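See below for the structure under consideration.
The values are calculated or read from the model by the stated rules, or taken from the named source; none is laboratory data. The structure displayed is predicted, hence computed values, not measured ones. Backbone-built Cβ (ideal geometry, glycine too); neighbour counts: all protein chains shown. Ligands, DNA and RNA are excluded from the accessible area calculation, which covers all protein heavy atoms including side chains. Shrake-Rupley method; radii C 1.70, N 1.55, O 1.52, S 1.80 Å.
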Amino acid sequence: LKRKTLDNASRYQSKSIPIPRFPSIQVGPSSSSSSHQLEETETVNFMGRVMCSLLNLTDAARTVYAPECSAWFLHSPSSKDQKTSVTSEVCGIRTFGLLEKSIGVIGLRGLDRLLAFRTVHTFNSFLKMYSEEVNPFRALLDQAREALYPEHKIPTNALKLYANAMKKVEVLMPPILKFILKIGQGQLLRRQIANLLRFGCQLDAHLLYQALDTFNRGVLNDIKKHYAQPEQHPYPGKDNPLLRETTVLLEACGLDDPSHKIYVTSQPLEGLPVLLLLFLLTYLPKLDYDANFGALVRKSSKYPLDGIPLAVGLACVLKQFHPAYTKKLVSYLGQFVRSNLQQIFIDVDNKIPDMPRELLNVLVFMDQLCHYSSIPRALVHKYIPPYIFDALKFPPAVAKK
C-alpha cells in the first residue's frame, strides 16, 4: 500500500496465464448522490470491476441496509407527493450466493482482501485529511472539550454550546461522512462474505471447521494466560508461524470479525472524540427510525447517508484508537442526552412530554454502536440511566403489500 506494485513484480501475476488488464471505465451511475465513489471506477482487471460493481450496488448514499435481512434495499421515503414508501431489494443473500457460484471460494477470499486493502487506503486518506484540515480547528475543539468537562455534569447553556460548535466545524462534516460511510460499507460487505465462507465451511468441511474453531479458542486461552502470567506462559516468538498461519486459515473459513481488526496505527488524534460528537449531532437529525428495517434510515432521499453503515464505520474508526476514545465519545453522547432531557422536563408540571425524535435517534444509534463495536452496556449506563432506554417508544412496523 505504500509503494505501487507493477504487474511483472506481483506474485499473483503469471507468465503462462497472465491476468488481463482492461481499459478504465466508469461503473455505476454518474449522479451527484454517488459522486463520492467516482475514484473507485478506475479498475483495470476483473476482480476490481467485481468489487466496484458490488460497491455501486450497496452505495450507502442510495440504499438502506436492513440488518435482520442482511440485505440492501432501494427505499424511497414517503412524501407529500408520494404517500407510501417504495422498497425493493438490490443486494442480499441470494446475490452473494450467485457470486459464490460464479467466482468460487477463492474468488470470495480475494474479494475480501481487496475490500480490506480498500479500507486501509480509506483510513490512510482519513488520517491525512485529519492532519491537514482538522488541525487548524484544534483550538476550537480544545475549547469545546473544556466546556464539556466534566462529562458527568450538565454544562451551562448546553444547547447553545452544541449549536455554536457545530456551526463552526460544519465545513469538516462532508469529508468525514464520506470516509466513515466508505469504511462502514466495506465492513458490511466483508461481514457478508465472512458469513458466506463460514456457512460453506460448516457444510462442506465440517471437521475442518470444528477443529479450527476449537484450536482458535485454545490459542486465545493461552494468550490470555500469557497476559495474566507472562513468565509462566511465554508468547510465541517472532519466527513462530503459529499465529500467522492460524489467522490465514481463520480468514479463509470466515471465522474472523472484520469489525474488530486493526487496519492502521497512528499517533493519537487530539480532539477526535469531540469532533465525532459534533459529527453525530450534525447527521443524526437527518435520520429516522424505521420499524420495517429495524434501523435508522434517511428522512429524505436528498440525504446521502444510511444509519447502519454509519454505525459500523464509526465503530471501526474507534477500534483503531485507544479504548479511551470510545469511552469519551459515549460519555459525550450521554451528556448530550441528559442535557436535552433536563431542558425538556424543566418546565413540566404534570403531563410527561414525548421524547424528541433527535434524542430517540441518538439512543438508537448508541444501541447500534454498542452492538457493532462490542461496547459493554454497563459503560453506557454510567452516563445514561437504563430506564431511559426502557422508555423508548417507536411506531409499529407497517406491512408491505
message = Pairs please, first residue from the stretch 306-333 and closer than 28 Å to Pro155 by Cα, second anywhere and polar (S, T, N, Q) and open to solvent by 20 Å² or more (accessible area, probe 1.4 Å), Cβ atoms under 6 Å, 6+ apart in sequence or on different chains.
response = Ala315/Ser373; Leu318/Thr326
ask   = Condition test on Gln210, is it free of Cβ contacts under 8 Å to residues at least 24 places away in the same chain and among the polar types (S, T, N, Q)?
value = yes
inquiry  = If a residue must be within 18 Å of the chain's Cα centre (by Cα), open to solvent by 20 Å² or more (accessible area, probe 1.4 Å) and either of a type in the set (Phe, Trp, Tyr) or modelled with pLDDT under 90 (or both), how many such residues does the stretch 266-288 contain?
reply    = 1
query = What is the one condition in (1) in contact (Cβ under 8 Å) with a residue 40 or more places away in the chain; (2) open to solvent by 20 Å² or more (accessible area, probe 1.4 Å) that Tyr149 does not satisfy?
reply = (1)
query = Among the residues of the stretch 228-237, is there at least one that is of a type outside the set (S, T, N, Q), more than 30 Å from Leu177 (Cβ to Cβ) and not in a loop (DSSP other than H, G, I, E, B)?
reply = yes
request  = From (1) farther than 20 Å from Leu305 by Cα; (2) among the hydrophobic types (A, V, I, L, M, F, W, C); (3) surrounded by 16 or more Cβ atoms within 10 Å (Cβ to Cβ), pick out the condition that doesn't hold for Leu159.
outcome  = (3)
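Please pick out the residue among Ile154, Ile176 that is buried (at least 16 other Cβ atoms within 10 Å of the Cβ) and either assigned to a helix (DSSP H, G or I) or not acidic (Asp, Glu) (or both). Outline the logic, then answer.
Numbers: Ile154 fails: buried (at least 16 other Cβ atoms within 10 Å of the Cβ).
Of the residues listed, the single one that is buried (at least 16 other Cβ atoms within 10 Å of the Cβ) and either assigned to a helix (DSSP H, G or I) or not acidic (Asp, Glu) (or both) is Ile176.
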Check on Asn292, polar (S, T, N, Q), open to solvent by 60 Å² or more (accessible area, probe 1.4 Å), farther than 19 Å from Ser76 by Cα and at pLDDT below 90 = no
query = Any residue at all in the stretch 196-219 that is under 30 Å from Tyr332 (Cβ atoms) and open to solvent by 40 Å² or more (accessible area, probe 1.4 Å)?
reply = no
Lone qualifier among Leu161, Leu114, Leu141 - being assigned to a helix (DSSP H, G or I), over 20 Å from Val330 (Cα atoms) and either in contact with a Ser or Thr (Cβ under 6 Å, 6 or more places away or on another chain) or aliphatic (A, V, I, L, M) (or both) = Leu114
request  = Output the residues belonging to the stretch 1-52 that are in a helix (DSSP H, G or I), open to solvent by 50 Å² or more (accessible area, probe 1.4 Å) and either of a type in the set (Gly, Ala, Ser) or modelled with pLDDT under 70 (or both).
outcome  = Ala9, Ser32, Ser35, Leu38, Glu39
request  = Answer yes or no as to whether Asn164 is among the polar types (S, T, N, Q), at pLDDT 90 or above and under 16 Å from Leu272 (Cα atoms).
outcome  = no
